[in-house]
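Working notes, beginning with the structure itself.
The values are calculated or read from the model by the stated rules, or taken from the named source; none is laboratory data. The structure presented is a predicted model; accordingly, all values stated were derived computationally and were not measured. Neighbour counts run over all protein chains shown; Cβ positions are idealised from the backbone, glycine included.
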Amino acid sequence: MKPLQDILIVDLSQFLSAPSATLRLADLGARVIKVERPETGDICRQLYVSNVILNGESTVFRAINRNKESFQADLKVEKDKAQVLKLIEKADVLVHNFRPGVIERLGFDYETIKKINPSIVYGDISGYGDEGPWKSKPGQDLLVQSLSGVTWLNGKISDGPVPVGLAIVDILAGAHLAQGILAGLIKKAKTGEGSKVSISMLESILDFQFESITTFYHDGGAPTIRPESNSAHAYLGAPYGVYQTASGYMSLAMGAIPFVGELIGCGALSAYPERESWFTERNEIKKILANHLLTNTTEHWLSLLEPADIWCAKIMNWDELFAHDGFKILEMIQKVKMGDGFEYETTRCPIKIDGQYMKSSLGSPALGEHTEAIIKEML
């Protein structure tokens, strides 16, 4: 039995952020009924990150909406709206990510919903919250990254702003929404009372930077200065960074500079015995390291550093990673099947409970695939 078995979630959301939250809750055993508009459905069905098409639709949709049911309804049509409200009346959780003001116009705001289901856990994601000058701006991942300061933490000092090459804000916001919903479900189990859980994408990416923001506030507001080369962190001192070798690339995390120099036979590093210099002189130290590490292979350097408990790693691409036993043993890839029999491979839930991973073989739904069955069962 999965932990969230018998929990019913009505999901009005689309794109990535909130659907990533309901994906995780579905992996944990909840039943997720995804409400989609007729004809087009979730816009994410046609949101392509490449030219790869899986069974007629986007790989993004297939990945983030597996293990869900699709109920087709137009929330602006009274008959459809009444059906969805009946579903919500039976639900434990309602999720949406409409912009502020839209959900009120549709008649699915929290004050309205809690009148028909007082114990519901109501979760929503916005781009920037429901107040302030940005509340109506589109909550798109790159745009939120751009406003958040995170783009100035990546790359080196000569680069312009460098965004993270994943929908990191969407997925972080989804994770925070899932956490909040789980807390709301615990409250409901203890008291019978519902909750409203609200997440903004901007707050999620700001929280993600808690270490650097705390440093900024206690460093007199000094500007963030990225390394000149071999960058992996805007604030950490040498040797923290990425380095090219004779056979590829490797990363170096923490380590006393003179000791690292001794291990790899780089005498020039003995000139930096003081920890303070690893920060103030990090550009010079990294240049010395970078030139030295080019003289031999990644495997050679790892054979010297790893036995001495220096934190380092080979930098792999996906082909190298997927061929490695360290990846294979995780069984991170699962095969799922859609209702029409189409099968595809995707990642599984990373959570293990009582020694068992939360796997599911159900792929993403066709638009409206479960509408009639849900009407017969619940309406």
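Could you tell me whether any residue of the range 48-59 is in contact with a Leu (Cβ under 6 Å, 6 or more places away or on another chain) and either in the same structural domain as V93 (by TED's automatic domain parsing) or within 16 Å of A178 (Cα to Cα) (or both)?
Keep residues of the range 48-59 that are in contact with a Leu (Cβ under 6 Å, 6 or more places away or on another chain), which gives 58.
Within this subset, residues satisfying the condition of being either in the same structural domain as V93 (by TED's automatic domain parsing) or within 16 Å of A178 (Cα to Cα) (or both) are 58.
Scanning the range 48-59 turns up at least one residue that is in contact with a Leu (Cβ under 6 Å, 6 or more places away or on another chain) and either in the same structural domain as V93 (by TED's automatic domain parsing) or within 16 Å of A178 (Cα to Cα) (or both).
Looking only at the range 332-349, which residues are acidic (D, E) and assigned to a loop (DSSP other than H, G, I, E, B)? So that I can check it myself, show each step before the final result.
Within the range 332-349, the first condition is being acidic (D, E), and the residues that meet it are 340, 343, 345.
Matches in the range 332-349: D340 only.
Give the number of residues within the range 91-120 that are more than 19 Å from P138 (Cα to Cα) and among the aromatic types (F, W, Y).
Counting residues in the range 91-120 that are more than 19 Å from P138 (Cα to Cα) and among the aromatic types (F, W, Y) gives 2.
For D319, are the conditions met, namely being over 21 Å from the mean Cα position of the chain (by Cα), among the charged types (D, E, K, R) and either more than 30 Å from A21 (Cβ to Cβ) or at pLDDT below 95 (or both)? Break it down into steps so the answer makes sense when it comes.
Details: over 21 Å from the mean Cα position of the chain (by Cα): yes; among the charged types (D, E, K, R): yes; either more than 30 Å from A21 (Cβ to Cβ) or at pLDDT below 95 (or both): yes.
In short, yes.
Give A373, A366 a once-over and let me know the one that is assigned by TED's automatic domain parsing to the domain that holds K79, in a helix (DSSP H, G or I) and either modelled with pLDDT under 95 or closer than 30 Å to E39 by Cβ (or both). Before you say what the answer is, go through the steps one by one.
Values: A366 fails: in a helix (DSSP H, G or I).
So the residue among A373, A366 that is assigned by TED's automatic domain parsing to the domain that holds K79, in a helix (DSSP H, G or I) and either modelled with pLDDT under 95 or closer than 30 Å to E39 by Cβ (or both) is A373.
Condition first: surrounded by fewer than 22 Cβ atoms within 10 Å (Cβ to Cβ) and part of a strand (DSSP E or B). Now tell me which residues in the range 29-63 satisfy that.
Hits for the range 29-63 are R31, I53, L54, E57.
Could you check the range 110-147 and list, in sequence order, the residues that are of a type in the set (D, E), over 17 Å from the mean Cα position of the chain (by Cα) and under 22 Å from S204 (Cα atoms)?
Restricting attention to the range 110-147, the residues satisfying the condition of being of a type in the set (D, E) are 111, 124, 130-131, 141.
Then drop every residue that is not over 17 Å from the mean Cα position of the chain (by Cα), which leaves 111, 130-131.
If the condition is that a residue be of a type in the set (D, E), over 17 Å from the mean Cα position of the chain (by Cα) and under 22 Å from S204 (Cα atoms), then D130, E131 are the ones that fit.
Out of the range 75-119, which residues are surrounded by fewer than 20 Cβ atoms within 10 Å (Cβ to Cβ) and among the β-branched types (V, I, T)?
Answer for the range 75-119, where residues must be surrounded by fewer than 20 Cβ atoms within 10 Å (Cβ to Cβ) and among the β-branched types (V, I, T): V77, V102, T112, I116.
Checking S198 against (1) touching a residue at least 40 places away in the same chain (Cβ under 8 Å); (2) more than 13 Å from I125 (Cα to Cα); (3) among the hydroxyl-bearing types (S, T, Y), which single condition isn't satisfied?
With (1) touching a residue at least 40 places away in the same chain (Cβ under 8 Å); (2) more than 13 Å from I125 (Cα to Cα); (3) among the hydroxyl-bearing types (S, T, Y) applied to S198, the lone miss is (2).
Any residue at all in the range 58-65 that is more than 17 Å from the chain's Cα centre (by Cα) and not basic (K, R)? So that I can check it myself, show each step before the final result.
Filtering the range 58-65 for residues more than 17 Å from the chain's Cα centre (by Cα) gives 58.
Pick out the ones that are also not basic (K, R) and you get 58.
Looking for residues that are more than 17 Å from the chain's Cα centre (by Cα) and not basic (K, R), one finds at least one in the range 58-65, hence yes.
Please report, ordered by residue number, the helices (runs of 4 or more DSSP H) entirely within the range 206-314 with at least 2 residues that are under 25 Å from S148 (Cβ atoms) and modelled with pLDDT under 95.
Values: elements: 210-217, 257-264, 277-280, 282-293, 298-305.
Hits in the range 206-314: 210-217.
Determine whether the range 86-104 contains at least one residue that is free of Cβ contacts under 8 Å to residues at least 40 places away in the same chain and basic (K, R).
No, the range 86-104 contains no residue that is free of Cβ contacts under 8 Å to residues at least 40 places away in the same chain and basic (K, R).
Looking only at the range 350-363, which residues are part of a loop (DSSP other than H, G, I, E, B) and loosely packed, with under 12 Cβ neighbours inside 10 Å? Before you say what the answer is, go through the steps one by one.
Keep residues of the range 350-363 that are part of a loop (DSSP other than H, G, I, E, B), which gives 350-351, 354-355, 358-361, 363.
Result: P350, D354, G355, S361.
Taking the conditions exactly as written (assigned by TED's automatic domain parsing to the domain that holds H370, at pLDDT 95 or above and under 30 Å from G363 (Cβ atoms)), does G123 satisfy them or not?
So G123 passes the test.
Output the qualifying pairs, or none if there are none: Cβ atoms under 7 angstrom, residues six or more apart or on different chains, first residue in the range 359-376 and closer than 8 Å to E69 by Cβ, second residue of a type in the set (V, I, T).
I374/I33
Provide a single number: the residues in the range 10-25 that are out of contact with any Cys (no Cβ under 9 Å at 6 or more places or on another chain) and either outside any strand (DSSP E or B) or under 23 Å from D354 (Cβ atoms) (or both).
First, pick out the residues of the range 10-25 that are out of contact with any Cys (no Cβ under 9 Å at 6 or more places or on another chain): 10-13, 17-18, 20-22, 25.
Narrowing further to those that are either outside any strand (DSSP E or B) or under 23 Å from D354 (Cβ atoms) (or both): 12-13, 17-18, 20-22, 25.
Within the range 10-25, residues that are out of contact with any Cys (no Cβ under 9 Å at 6 or more places or on another chain) and either outside any strand (DSSP E or B) or under 23 Å from D354 (Cβ atoms) (or both) number 8.
Given (1) closer than 26 Å to S17 by Cβ; (2) hydrophobic (A, V, I, L, M, F, W, C); (3) without any contact (Cβ under 8 Å) to a residue 60 or more places away in the chain, where does A232 come up short, assuming only one miss?
Single failed check for A232: (1).
Looking at N55, N67, N51 in this structure, which one is of a type in the set (S, T, N, Q), over 19 Å from I199 (Cβ atoms) and modelled with pLDDT under 95?
Working: N55 fails: modelled with pLDDT under 95; N67 fails: modelled with pLDDT under 95.
Sole residue among the options that is of a type in the set (S, T, N, Q), over 19 Å from I199 (Cβ atoms) and modelled with pLDDT under 95: N51.
Which residues, counting only those in the range 105-144, are among the charged types (D, E, K, R) and free of Cβ contacts under 8 Å to residues at least 60 places away in the same chain?
First pass over the range 105-144, keeping only residues among the charged types (D, E, K, R): 105, 109, 111, 114-115, 124, 130-131, 135, 137, 141.
Listed by number, the residues that qualify are R105, D109, E111, K115, E131, K135, K137.
Right, R66: assigned to a helix (DSSP H, G or I) and in contact (Cβ under 8 Å) with a residue 12 or more places away in the chain or not?
Values: assigned to a helix (DSSP H, G or I): no; in contact (Cβ under 8 Å) with a residue 12 or more places away in the chain: yes.
So R66 fails the test.
Would you check if L294 is within 26 Å of N65 (Cα to Cα) and out of contact with any His (no Cβ under 7 Å at 6 or more places or on another chain)? Break it down stepwise before answering.
Values: within 26 Å of N65 (Cα to Cα): no; out of contact with any His (no Cβ under 7 Å at 6 or more places or on another chain): yes.
No: the conditions fail for L294.
Hey, does the range 104-113 have a residue that's within 21 Å of P38 (Cβ to Cβ), in a loop (DSSP other than H, G, I, E, B) and touching a helix residue (DSSP H, G or I) at 6+ places or on another chain (Cβ under 6 Å)?
Within the range 104-113, the subset within 21 Å of P38 (Cβ to Cβ) is 105-108.
Adding the requirement that they be in a loop (DSSP other than H, G, I, E, B) leaves 107-108.
Add one more test, that the residue is touching a helix residue (DSSP H, G or I) at 6+ places or on another chain (Cβ under 6 Å), and what stays is none.
No, because not a single residue in the range 104-113 is within 21 Å of P38 (Cβ to Cβ), in a loop (DSSP other than H, G, I, E, B) and touching a helix residue (DSSP H, G or I) at 6+ places or on another chain (Cβ under 6 Å).
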